[in-house]
Amino acid sequence: MLLSRAAQAGNGTCVFPCDMAPIDILIVDPHPVTRAGIRQFLSVDPSLRIIGEASHTEKTQASDLVATIAVLGGCANTCHAELKAMKQAAPSLPVIVFSCVESDVRQFMLAGAAGVVCRTACGKQIREAIHTVAKGGMFFSPNKLEKLWCPVPPKSFPHKSLTQKEMEVFLKIVSGLPPRAIAAELQLSAKTISAHRANILQKMRMNSNADLVRYACSNQLIG
């Protein structure tokens, strides 16, 4: 599991001002070899800083939980248990799951994960997931979004109350784009995007981007 605190991006190159804090990472995985592998994947990116490691969430230090991104490793059952424990220990901490088969993706997202990277992914994809989530977006391994769909739609459809522009912003949010990217694509200011997001959450009676993603998945609005 990885935890992160600041938003920088990279593929090995820091693209933000040098005085910005790096993304702090906590690795949580029951297997030392896996933790070492994740550490090696991240070591090539100078904007990522590993602040600690633990075999289980309950063994993490309170000081480790200042990070903002968690990447969980282990088998599917282990990841589900660790995800639940992490959300209890640090409810606002975004979690990236790094150990799953395709059929697990939807369950992890419904449980509150901010991203899912399948264990067959390369190190570059893990780093990309961290940077995306650190900037406020959500990340799914390519071609895995369809795994989040729910075949039974709910009885009501709150998204029908959105204006055309709000619907455009909603779809960008649930696709995983961070606010700045949405603003650039729709040629609007970041402040306007934030206002639209607030209206969307209020109209749909939801509290977070994760809630919006779960709703979109349940109603097959992501394709």
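Give me the residue from segment 46-65 that is under 12 Å from ASP24 (Cα atoms) and out of contact with any strand residue (DSSP E or B) (no Cβ under 7 Å at 6 or more places or on another chain) and, out of that set, modelled with the highest pLDDT.
PRO46
Of all residues in segment 25-49, which are crowded, with 18+ Cβ neighbours inside 10 Å and closer than 17 Å to MET86 by Cβ?
Within segment 25-49, ILE25, LEU26, ILE27, VAL28, ASP29, ARG35, ILE38 meet the criteria.
Within segment 174-195, restricting attention to residues that are of a type outside the set (Val, Ile, Thr) and over 21 Å from the mean Cα position of the chain (by Cα), which residue is nearest to ALA111 (Cα to Cα)?
Residue satisfying both the conditions and the ranking: ALA195.
Quick one: how many residues across segment 157-171 are assigned to a loop (DSSP other than H, G, I, E, B) and surrounded by fewer than 17 Cβ atoms within 10 Å (Cβ to Cβ)?
Of the residues in that region, 2 qualify.
In segment 172-215, what residues are assigned to a helix (DSSP H, G or I), crowded, with 17+ Cβ neighbours inside 10 Å and hydrophobic (A, V, I, L, M, F, W, C)?
ILE173, VAL174, ALA181, ILE182, ALA183, ILE193, ILE200, LEU201, MET204, ALA210, LEU212, VAL213
Is it the case that some residue within segment 184-199 is of a type in the set (Ser, Thr, Tyr) and touching a Leu at 6+ places or on another chain (Cβ under 9 Å)?
Yes: segment 184-199 contains one or more residues that are of a type in the set (Ser, Thr, Tyr) and touching a Leu at 6+ places or on another chain (Cβ under 9 Å).
Any residue that is within 15 Å of VAL95 (Cβ to Cβ), modelled with pLDDT of 80 or more, in the same structural domain as GLN107 (by TED's automatic domain parsing) and not β-branched (Val, Ile, Thr) - is there at least one of those in segment 38-45?
no
Specify which of the listed residues (SER161, SER92, SER141) is at pLDDT below 75 and farther than 20 Å from ARG35 by Cβ.
Among SER161, SER92, SER141, only SER141 is at pLDDT below 75 and farther than 20 Å from ARG35 by Cβ.
If only one of ALA113, ALA121 is in a loop (DSSP other than H, G, I, E, B), in the same structural domain as ARG39 (by TED's automatic domain parsing) and modelled with pLDDT of 80 or more, which one is it?
Residue meeting the stated conditions: ALA113.
The values are calculated or read from the model by the stated rules, or taken from the named source; none is laboratory data. No experiment lies behind these values; they were computed from the predicted model shown. With ideal geometry, Cβ positions are generated from the backbone for all residues, glycine too; neighbour counts draw on all protein chains shown.
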